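Structure first, then comments.
The values are calculated or read from the model by the stated rules, or taken from the named source; none is laboratory data. Fair warning: this is a prediction, and the values are worked out from it, not measured in the lab. Virtual Cβ from ideal backbone geometry, glycine too; neighbours counted across all protein chains shown.
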Amino acid sequence: MKTRDCNKKVKNMFPEFRELVTQLRDENPHFARIFEEHDELDREIIQLELDPVNHHNSDIESIKRKKLKLKDEIYRLLKSSENNDIP
């Protein structure tokens with residue numbers, strides 16, 4: 001994901017963790033992978049919603065649930081990392 005796209009996503013999703021997201025994407029491969037996967041699901045949902053004739057609503061809902069689970073995991077990692085930085 002391009003830095004500009006990442007910054008836009010963070011601004012909307014976790015504005016309070018903007019710097020930490022950038023740091024974790026660079027330093028934590030697991031975090032970077034799930035952040036990228038969340039973005040891929042987001043793009044897939046957008047495409048499906050633009051052309052709903054070819055897909056069932058249940059497909060979109062299933063993908064949204066996966067995306068939400070990833071967002072929860074991203075948040076958990078952010079909070080965990082934030083708490084570990086406290087002296």
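General observations
- Residue check, Leu41 modelled with pLDDT of 90 or more and touching a helix residue (DSSP H, G or I) at 6+ places or on another chain (Cβ under 6 Å): yes
- Some residue of region 27-37 being modelled with pLDDT of 85 or more and farther than 30 Å from Asn83 by Cβ: no
- Of all residues in region 1-27, those that are farther than 18 Å from Glu73 by Cα have Cβ atoms under 6 Å from Cβ atoms of residues that are at pLDDT 65 or above, 6 or more apart or on another chain, in Met1/Glu36; Met1/Asp39.
- Unique residue being at pLDDT 90 or above and either in a helix (DSSP H, G or I) or touching a Pro at 6+ places or on another chain (Cβ under 8 Å) (or both) when the list is Ser62, Ser58: Ser62
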